[in-house]
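Step one of this worksheet: look at the structure below.
The values are calculated or read from the model by the stated rules, or taken from the named source; none is laboratory data. Quantities reported herein were computed from a predicted structural model and do not represent experimental measurements. Virtual Cβ from ideal backbone geometry, glycine too; neighbours counted across all protein chains shown. Heavy atoms of the whole protein, side chains included, go into the accessibility calculation; ligands, DNA and RNA do not. Shrake-Rupley method; radii C 1.70, N 1.55, O 1.52, S 1.80 Å.
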Amino acid sequence: MKLASLKSGRDGRLVVVSKDLSRAADASEIAPTMQMALDEWDMLADQLHELYERLEQGSVSSQPFDPRMCASPLPRAYQWADGSAYVNHVELVRRARGAEMPESFWTDPLMYQGGSDAFLGPYDDIEMPQADGWGIDFEAEVAVIVDDTPMAVGPEAARSHIKLVTICNDVSLRGLIPGELAKGFGFFQSKPSSAFAPCAVTPDELGIAWDGGKIHLPLLSRVNDLPFGKPNAGVDMTFDFADLISHAAKTRHLGPGAIIGSGTVSNRDADGGPGRPVAEGGLGYSCVAELRTVETIRDGKPTTPFLSFGDRVEIEMLDAQGRSIFGRIAQTVRPYAAN
């Protein structure tokens, strides 16, 4: 089934959404919010799925589904832990800032705890006080949402705790990252609010594209209406979501609604190289930083600028029939105007 949160208060109003993303049915009599549904998932999931089936059959009151009226599926969450499962991406962005990559990065996932108190909706602007020098970048990712997950859960058991899947734009400020990491205490100012797709879906909606730990489909991104990336999310994922959940839960329980991100989806080129732009017949990139690194390797310096005011980013994933699975993230970078 497909679930979404229409904008309403701080936590949204839960709806079920038709498979073709054209209709939505109010689910508030079952659970007013996505978080409440996840809190009681074992008890409420069947009721939500029954409502979804009735929506598909046309036997329940519904309304046109407008993704522009959506908040992120969880407008705020108790936990947002973003991994970096595509080590090709890690290697490239570290190379860009002159940092070597330890061998342990191939065996032990990277993960940071992001801000989760105010996610952006899929069509909300990316507002920034300034653009010059901050290196505004998008990062196209896949994410999963778990139920109650026990501490020290192993990868195999972790699979059963994945209840919902979605996609994400993990906004990054590349110009602020080096200074923050140099302090030895991780990201903070360089990781503003992330945005998620209109819908989160149960894994069964993905069919054979879902293997229990990753999605074997391209993640598409566009910048200013031009194709930017189409890497396959099931390829070159060194750590799948079972690994990432197990890593996150090593020393703590994960509460219902905890979101685990894949990190920037990134594929190597067919020849083992770092990848080529879409315009050159490659799979492209899921962030500007990767393209700039490849330009530096190839040409001695980057030529593609980071995002600036007025730039538009779109992220989407299509099924094998070309239908949008989660709906589209479509955002514009705008100046922040304090009230």
**OP:** Compute the whole-percent fraction of alpha carbon pairs in segment 78-217 spaced more than 28 Å apart.
**Re:** 24 percent
**OP:** Any chance you could check the Cα centroid distance between segment 65-139 and segment 1-44 for me, in angstrom?
**Re:** 25 Å
Subject >> Local electrostatic count at Pro305 - Lys and Arg +1, Asp and Glu -1, tallied over other residues with Cβ under 13 Å >> reply: -1
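Note down the net charge around Ala25, summing +1 for each Lys or Arg and -1 for each Asp or Glu among other residues with Cβ under 12 Å from its Cβ.
Working: positive: Lys2, Arg13, Arg23, Arg54; negative: Asp26, Glu29, Glu50, Glu53, Glu56.
Computed value for this residue: -1.
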Subject >> Residues Glu280 and Arg68, FRET efficiency given R0 of 30 Å [Cβ-Cβ distance, rounded to 0.05] >> reply: 0.35
Original post:
Between Asp20 and Tyr78, what is the spin-label point distance in nm, taking each point 7 Å from the Cα along the Cα→C-beta axis?
Top reply: 3.9 nm
Subject >> Distance-filtered residues of segment 32-69 - backbone nitrogen under 20 Å, label point 7 angstrom along Arg10 Cα→Cβ >> reply: 32-40
Subject >> Sum of -39500 (n - 2.57) over DSSP H runs of 4+, divided by residues of the chain (222 nm, nearest 500) >> reply: -5000 deg cm²/dmol
**OP:** Roll a 1.4 angstrom probe over the protein heavy atoms and tell me the percent of accessible area of the chain that is carbon or sulfur.
**Re:** 51 percent
Subject >> Solvent-accessible area per residue, Å², over the chain with all protein chains present [probe radius 1.4 Å] >> reply: 44 Å²
**OP:** Quote the FRET efficiency, to the nearest 0.05, computed for Ala152 versus Glu29 with a Förster distance R0 of 35 Å and r equal to the Cβ-Cβ distance.
**Re:** 0.40
Subject >> Label-point gap, in nm, between Gln47 and Leu318 - each point 7 angstrom along Cα→Cβ >> reply: 3.8 nm
Original post:
Hey, which lysines would be in cross-link range of Lys250, C-alpha to C-alpha under 22 Å, not counting anything within fewer than 8 residues on its own chain?
Top reply: Lys163, Lys214
Original post:
Short version: ³J(HN,Hα) in whole Hz for each residue of segment 100-108, in order, from phi by Karplus 6.51 cos²θ - 1.76 cosθ + 1.60 (θ = phi - 60°), x for Gly and Pro, what are they?
Top reply: 6, 9, x, 4, 5, 5, 7, 10, 10
Subject >> Loop chymotrypsin sites (Phe, Trp or Tyr not before Pro), segment 152-205 (other Cβ atoms within 10 Å of the site Cβ: 15 or fewer; DSSP) >> reply: Phe185, Phe188
**OP:** Choose one answer from Arg252, Arg268, Arg174: the residue with the largest mean-square fluctuation in a GNM of the chain with alpha-carbon springs under 10 Å.
**Re:** Arg252
Subject >> All lysines inside 19 Å of Lys183 as judged from Cα atoms, apart from same-chain residues fewer than 8 positions distant >> reply: Lys191
Subject >> Distance between modelled label sites at Ser104 and Asn232, nm, 7 Å Cα→Cβ extension >> reply: 3.2 nm
Original post:
Given a Förster radius of 35 Å and the C-beta distance between Asp269 and Thr332 as r, what FRET efficiency does 1/(1 + (r/R0)^6) yield to the nearest 0.05?
Top reply: 0.70
**OP:** Please work out whether segment 77-124 counts as rounded, prolate or oblate from its C-alpha gyration tensor, where a ≥ b ≥ c are the square roots of the eigenvalues and a/c under 1.5 means rounded, while otherwise a/b larger than b/c means prolate and anything else oblate?
**Re:** prolate
